[in-house]
1. Would you please name the residue that is nearest to the ligand (Cβ to nearest atom), looking only at residues in the stretch 198-211 that are within 19 Å of SER271 (Cα to Cα) and outside any loop (DSSP other than H, G, I, E, B)?
2. With respect to the numbered conditions (1) β-branched (Val, Ile, Thr); (2) in the same structural domain as HIS166 (by TED's automatic domain parsing); (3) within 11 Å of the ligand (Cβ to nearest atom), which one is the sole condition not fulfilled by VAL234?
3. Report whether or not VAL84 is touching a strand residue (DSSP E or B) at 6+ places or on another chain (Cβ under 6 Å), open to solvent by less than 10 Å² (accessible area, probe 1.4 Å), more than 16 Å from the ligand (Cβ to nearest atom) and at pLDDT 95 or above.
4. Return the pair list, or none, for Cβ contacts closer than 9 Å from residues in the stretch 267-286 that are without any contact (Cβ under 8 Å) to a residue 12 or more places away in the chain and more than 21 Å from ASP174 (Cα to Cα) to residues that are more than 8 Å from the ligand (Cβ to nearest atom) and open to solvent by less than 50 Å² (accessible area, probe 1.4 Å), at least 6 apart or on different chains.
5. Give me the residue from the stretch 89-126 that is among the aliphatic types (A, V, I, L, M) and in a helix (DSSP H, G or I) and, out of that set, surrounded by the fewest Cβ atoms within 10 Å (Cβ to Cβ).
6. For PRO130, indicate whether it is touching a residue at least 12 places away in the same chain (Cβ under 8 Å), in a loop (DSSP other than H, G, I, E, B), within 16 Å of the ligand (Cβ to nearest atom) and of a type outside the set (D, E, K, R).
7. Residues being in a loop (DSSP other than H, G, I, E, B) and either open to solvent by 20 Å² or more (accessible area, probe 1.4 Å) or under 13 Å from ALA214 (Cβ atoms) (or both): count how many of those fall in the stretch 168-193.
8. Can you tell me which residue within the stretch 17-59, out of those that are within 16 Å of the ligand (Cβ to nearest atom) and assigned to a strand (DSSP E or B), is farthest from ALA183 (Cα to Cα)?
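The values are calculated or read from the model by the stated rules, or taken from the named source; none is laboratory data. What you are looking at is a predicted structure, and each value in this text was computed from that prediction instead of being measured. Every residue, glycine among them, receives a Cβ derived from its backbone with ideal geometry; neighbour counts consider all protein chains shown. We work out accessible area using only protein heavy atoms, side chains counted, and drop any ligands, DNA or RNA first. Shrake-Rupley method; radii C 1.70, N 1.55, O 1.52, S 1.80 Å.
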Amino acid sequence: MTMPDRAELDQIAEASIAAVRAPSIFNTQPWRWRLTGNHGELWADRDRQLARLDPGGRLLLLSCGAALHHATVALLAAGYAADVSRLPEPQRPDLVARVRRGPPCPPDDELYRAIYRRRTDRRPFGDERPAGAILAELRTAAGRHGVRLHVVRHDQLSAFTAAVAHAGAVEHDDAGMRGDVLAWTTRTRADRDGVPARSVPAATGRTVAPRDLALARPAALEPGPGSDRGTAYVVLAIAAEEPGDWLAAGEALSDVWLTLTARGLVASPISEVIEVEPARQALRRLLGGGTAPAIALRIGVPVADNGPAPATARRCATDIVGLP
Ligand SMILES: Cc1cc2nc3c(=O)[nH]c(=O)nc-3n(C[C@H](O)[C@H](O)[C@H](O)COP(=O)(O)O)c2cc1C
């Protein structure tokens with residue numbers, strides 16, 4: 001019998017700990033790692049799935065994809081490629097991925113450092129538009145995962161804004177959907193998850209109306225002086241709507257977000273447009289070309305006086321990472 005390589009497993013453990021910082025819908029952190037032999041298994045945690053907003057588990061898979069990509073970024077920073085099998089066992093769909101250490105490669109810690117700086121920034125952004133060269137880089141980042149990044153054009157902005165507003169109104173009028181928001185915006189400090197009031201600014205000054213995350217308590221983040229005029233809106237688009245596509249979209253979301261963070265930009269996702277069917281259809285028409293929207297993102301240049309948005313809590317690695 002060959003003994004598992006302990007150093008290899010230690011590196012997977014470290015990668016799974018870095019992945020704790022990944023963004024997730026309402027900071028639900030809906031995943032678990034199981035370390036076994038010489039590899040890590042990433043499992044979806046269905047107890048953390050949103051019953052009404054995400055009955056099909058798309059947001060959950062997007063979130064797991066972000067965690068998976070964060071883990072591969074950590075391995076790359078340690079000088080190893082990641083060897084990933086995605087959704088490897090069709091009869092066990094909650095086994096999202098098997099991650100092994102791949103061959104050595106030149107270490108690259110640019111995105112790894114961005115893991116600890118990335119935040120969801122819901123405040124109005126600056127006047128200046130993100131540079132075309134950076135948007136092109138983000139397109140490449142999404143393309144690495146087979147996902148298309150569509151930049152909403154000026155002539156599409158009113159249709160995009162209307163789709164987001166429609167989704168917001170539907171969710172506001174649906175008690176079950178409001179219940180999901182309430183559940184994850186009223187978590188206690190000890191829970192170490194959910195969206196805290198200090199991460200939510202009042203819903204003023206934004207070109208595209210933000211999701212109402214202040215249902216149960218007042219928004220406590222100062223919105224700052226941003227005009228939101230330069231904000232770019234992008235939609236990540238997938239070729240099909242199978243679990244593997246949602247997972248890839250989550251990996252692309254992470255890659256795009258870490259890349260823009262490394263370039264000094266800020267962002268926040270807009271997922272209500274994929275949670276409400278008519279809004280999703282409106283985005284699908286906007287994309288054209290037979291692809292489906294997986295998530296939208298607002299991207300901007302930070303306002304100099306604002307300082308970084310506050311970091312949100314994460315559960316203890318010991319609750320998320322199961323050792324052999
Ligand atoms: C799939 C997904 C969907 C999200 N949807 C929204 C959204 O619609 N509105 C929003 O303000 N934040 C959204 N977020 C951001 C999360 O709320 C955020 O990642 C989480 O609260 C952790 O905070 P952090 O990103 O600052 O670490 C989403 C994140 C993910 C991964």
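1. Checked the stretch 198-211; the qualifying residue nearest to the ligand (Cβ to nearest atom) is SER199.
2. (3) is the only condition that VAL234 fails.
3. Numbers: touching a strand residue (DSSP E or B) at 6+ places or on another chain (Cβ under 6 Å): yes; open to solvent by less than 10 Å² (accessible area, probe 1.4 Å): no; more than 16 Å from the ligand (Cβ to nearest atom): yes; at pLDDT 95 or above: yes.
No; evaluated as a whole, the condition is false for this residue.
4. Pairs found: ARG284/ALA237; ARG284/THR291; ARG284/ALA292; ARG284/PRO293.
5. Going through the stretch 89-126, the residues among the aliphatic types (A, V, I, L, M) turn out to be 95-97, 99, 111, 114-115.
Still in the list and also in a helix (DSSP H, G or I): 111, 114-115.
Values: LEU111: 23, ALA114: 18, ILE115: 21.
By that ranking, first place goes to ALA114.
6. Working: touching a residue at least 12 places away in the same chain (Cβ under 8 Å): yes; in a loop (DSSP other than H, G, I, E, B): yes; within 16 Å of the ligand (Cβ to nearest atom): no; of a type outside the set (D, E, K, R): yes.
No: the conditions fail for PRO130.
7. Step one: list which residues in the stretch 168-193 are in a loop (DSSP other than H, G, I, E, B), which gives 174, 185-188, 192-193.
In the following step, the residues that additionally are either open to solvent by 20 Å² or more (accessible area, probe 1.4 Å) or under 13 Å from ALA214 (Cβ atoms) (or both) were identified as 174, 185-188, 192.
Selection size over the stretch 168-193: 6.
8. LEU42
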